[in-house]
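To start, the structure under review is shown below, and the notes come after it.
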Amino acid sequence: MKLSALIRKELGRIRADKRSLILLFSIPIILIVIFGLTTGGSTTKFFNAAIISRDEIPTYGDYTSNSSEYDEEFAGVFIKGLGSFGFQGYYPCPNEAAFLYAYEKNMELLRTEVIDVFLVLPEYFSEKIENETTNWIAYFVDGSDSQAISAIEVSMQEPISVFKQEIEMTENLTVLIPYLEFDVPFWEKQTINYAFPLTIPLIIIGTTMNLSCLSIVSDEPLPRMVITPTPKSSIILSKLIANLLIMVIQAGEIFIGTALFGLYVLGSLFELLLVLLGVGVAGVAIGLFVSSLTTTEQQANQLYIILFVVIMLFSGIYINPDDLPTAMQLIVYMFPLSHAIPLIYNITFKGLPLDYVRYFGLLILSAVYIFLAYIIFLIKKVEV
């Protein structure tokens with residue numbers, strides 16, 4: 001039988017397997033829509049901020065200059081505009097009464113969510129800068145907002161870095177302004193972008209494995225084909241090509257869907273598509289391996305679930321491979337997600353070019369699974 005006829009036959013089997021096709025095309029779209037319409041998820045956050053300055057209150061002892069120059073400059077950083085902060089007011093306080101009034105007012109603004117945070121500059125803020133001694137800034141944020149608590153310390157690096165540059169205190173200063181290559185800007189869709197490197201490869205692997213894991217074991221005319229001149233290599237190749245054609249459609253669907261919902265990619269879109277296709281190839285290859293290894297559809301489904309769970313556990317999501325012993329690292333890198341997730345993360349968040357070592361490692365891994373599927377199928381006895 002010709003290869004083209006075998007491919008058409010496999011495509012017919014896939015069309016008849018409506019359950020797998022529905023899972024293959026509906027699950028990615030459903031998750032993309034959910035993630036695309038969900039807000040939040042960033043390690044940084046946009047804060048509406050107010051500033052209370054105690055710097056104008058007279059100081060004594062070690063700080064007798066009573067300077068109040070730098071508090072206004074610090075407030076000016078917010079007034080000029082920042083990527084992670086909006087500015088909602090500046091309250092210079094010449095005495096304790098003025099400070100208490102400003103404090104109560106801003107606490108009320110915080111409770112009513114007019115502002116997200118307010119900062120308090122100490123009495124000797126300018127004097128400590130002039131003396132080049134350690135300084136501090138207090139901030140008050142809603143403690144019930146866990147995202148704000150974790151994000152404020154990162155976001156505060158931006159105004160502090162800009163302020164230090166403006167007053168030329170750049171010695172030993174590492175400039176850290178949020179929304180570089182390791183973060184998603186607050187104006188972009190946060191959830192879908194942070195979920196993309198972790199969930200999309202998992203979905204592609206799971207659905208393509210499910211598509212191809214019954215490819216061999218459920219092929220009823222197989223006993224008759226075995227006694228024909230059709231070589232088993234052609235049978236395996238036809239199943240691989242047919243499943244890859246369906247996988248390419250799924251990868252295109254995911255690529256277009258995430259783009260429509262605001263996927264933020266610093267790197268090459270073409271290279272990102274190549275990685276998605278590589279992940280799909282790995283899923284199809286593992287599915288064929290499962291199908292060649294089993295004799296019934298029930299066994300194939302059971303082995304698929306077990307192998308999928310193992311792939312997920314050794315994906316690098318839960319355990320950093322670098323923290324494992326060398327022997328365990330080798331086991332982790334035997335599964336595709338340990339290669340796919342870093343590849344996608346580096347392209348989308350860091351803007352790095354395609355890591356060809358990892359990418360070809362993913363393709364070689366797929367080739368190994370296909371080769372094992374062929375060897376097992378070659379020696380497998382089929383009753384006629």
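The values are calculated or read from the model by the stated rules, or taken from the named source; none is laboratory data. In this text, all values refer to a predicted model and were calculated from it rather than measured experimentally. All Cβ positions, glycine included, derive from the backbone under ideal geometry; neighbour counts span all protein chains shown.
Considering only the range 261-279, state which residues are touching a residue at least 40 places away in the same chain (Cβ under 8 Å) and among the hydrophobic types (A, V, I, L, M, F, W, C). Selection gives Phe261, Leu263, Val265, Leu266, Leu272, Leu274, Val275, Leu276, Val279.
With respect to (1) of a type outside the set (Phe, Trp, Tyr); (2) within 22 Å of Gly267 (Cβ to Cβ); (3) in contact with a Ser or Thr (Cβ under 6 Å, 6 or more places away or on another chain); (4) assigned to a helix (DSSP H, G or I), the lone exception for Leu363 is condition (3). The helices (runs of 4 or more DSSP H) falling completely within the range 78-180 that include 3 or more residues that are aromatic (Phe, Trp, Tyr), modelled with pLDDT of 85 or more and under 15 Å from Ala50 (Cβ atoms) map to 96-111.
Kindly provide the set of residues from the range 195-235 that are modelled with pLDDT under 80 and among the aliphatic types (A, V, I, L, M), ordered by number. Correct list: Val217, Leu222, Met225, Val226, Ile227. When Ser315 is tested against (1) touching a residue at least 60 places away in the same chain (Cβ under 8 Å); (2) in a helix (DSSP H, G or I), exactly one condition is not met: (2). In the range 280-301, the residues that are in the same structural domain as Arg19 (by TED's automatic domain parsing) and in contact (Cβ under 8 Å) with a residue 40 or more places away in the chain form Cβ pairs under 7 Å with partners that are surrounded by fewer than 20 Cβ atoms within 10 Å (Cβ to Cβ) and of a type in the set (Lys, Arg), at six or more places apart or across chains, as follows: Ser292/Lys380. Checking each residue in the range 295-322 for being of a type outside the set (A, V, I, L, M, F, W, C), over 9 Å from Cys213 (Cα atoms) and modelled with pLDDT under 90 picks out Thr295, Thr296, Gln298, Gln299, Ser315, Gly316, Tyr318, Asn320, Pro321, Asp322. The C-beta contact set for the range 243-254 (first residue loosely packed, with under 15 Cβ neighbours inside 10 Å, second residue aromatic (Phe, Trp, Tyr), distance under 8 angstrom, 6+ apart or interchain) comprises Ile249/Phe25.
Just one of (1) of a type in the set (Val, Ile, Thr); (2) in contact (Cβ under 8 Å) with a residue 40 or more places away in the chain; (3) farther than 18 Å from Ile200 by Cβ fails for Val309. It is (2). Taken over the range 98-154, the criterion of being within 12 Å of Phe47 (Cβ to Cβ) and either of a type in the set (Ser, Thr, Tyr) or touching a Lys or Arg at 6+ places or on another chain (Cβ under 7 Å) (or both) is satisfied by Tyr139, Gln147, Ala148, Ala151.
Being buried (at least 16 other Cβ atoms within 10 Å of the Cβ), modelled with pLDDT of 80 or more and not assigned by TED's automatic domain parsing to the domain that holds Leu245 narrows it down to one residue among Ile32, Ile51; which is it?
The match here is Ile51.
Here Thr296 fulfils each of the conditions (1) over 20 Å from the mean Cα position of the chain (by Cα); (2) closer than 24 Å to Leu354 by Cβ apart from (2).
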